[in-house]
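Just so it is clear, none of the values below were taken in a lab; they were calculated from the coordinates. Predicted, not measured: the structure shown is a model, and the values here were computed from it. No Cβ is skipped: glycine too gets one built from the backbone with ideal geometry, and neighbour counts run over all protein chains shown.
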Amino acid sequence: MIYDIILKNGTLIDPYNDRHGKFDVALGDGKILAVELHIDDSFSKQCLDCTGKMVLPGIIDPHVHISKWIGGGEGHQMMVSRGVVTAIDATGPGEEVIENMLQMGSGLNIGWLNLIDFHLPKRSQNPISSEITSALNNIMEEGALGVKIMGGHCLFDPEATEEIIT
């Protein structure tokens, strides 16, 4: 058999198949065709040396919407059907992401950002410092990976934006 590409000497991390170690991975027609300790280079059109690198089967989608507020739980099945294994929800709120994950979950690794607007007492272009601090603390205590500022949708003045970022 001739493969399209062989990934050589990488550290494969594949919890689904209980593999974690140095393996060669052969690919063809967009699929994983073989995983072995050693695959002969002569069976491939191309070979990449992955020494010192991790090989993770699946796609990481850094911007999805799977909370009830926007997107919905159906996104879990959509991602799985396309090979996504890890995703970051880009609006939150976290409790909705978790609720949808429990109801619609499909073995995905999910993280989220929280929209700061949800944690401010009122929408304003210039929230006061204590409101920003409280909102950021609540977001991080909830388990979010970080905060999202929706640029064109809810503009903050330059001082508030700087304080949120720093």
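Taking the Cα centre of segment 44-166 as the origin and placing charges on Cβ (Lys, Arg +1; Asp, Glu -1), which of 101, 132, 86 is farthest toward the positive end of the dipole? Most positive-ward Cα: 86.
Evaluating 6.51 cos²θ - 1.76 cosθ + 1.60 at θ = phi - 60° for every residue in segment 29-41, the Karplus couplings come out as 6, x, 10, 7, 9, 7, 10, 9, 5, 8, 10, 4, 4 Hz, glycine and proline recorded as x.
To the nearest ten degrees, helix 94-104 and the longest principal axis of the Cα atoms of the chain are 40 degrees apart. Think of each Lys and Arg Cβ as +1 and each Asp and Glu Cβ as -1; about the Cα centre, that makes the dipole of the chain roughly 320 debye.
Given the -39500 (n - 2.57) contribution per DSSP H run of 4+ residues, what per-residue ellipticity at 222 nm results for the chain, rounded to the nearest 500 deg cm²/dmol?
Helices in the chain give a 222 nm mean residue ellipticity of -7000 deg cm²/dmol.
Which of 150, 1, 79 comes first, and how do the rest follow, when ranked by fewest Cβ neighbours within 10 Å? The partial results should precede the final answer.
On the way: 150 13, 1 8, 79 21.
Fewest to most other Cβ atoms nearby, the residues stand as 1, 150, 79.
Protection proxy ranking for 107-118, 132-143, using the average of other Cβ atoms within 10 Å per residue and placing the highest first: 107-118, 132-143. Remark: segment 48-57, residue by residue, has Karplus-estimated 3J(HN,Hα) of 10, 7, 9, 3, x, 10, 9, 10, 10, x Hz, where x stands for each Gly or Pro and the curve is 6.51 cos²θ - 1.76 cosθ + 1.60 at θ = phi - 60°.
With the simple spin-label model, which puts each label point 7 Å out from Cα in the Cβ direction, the residue 65 to residue 125 separation comes to 2.5 nm.
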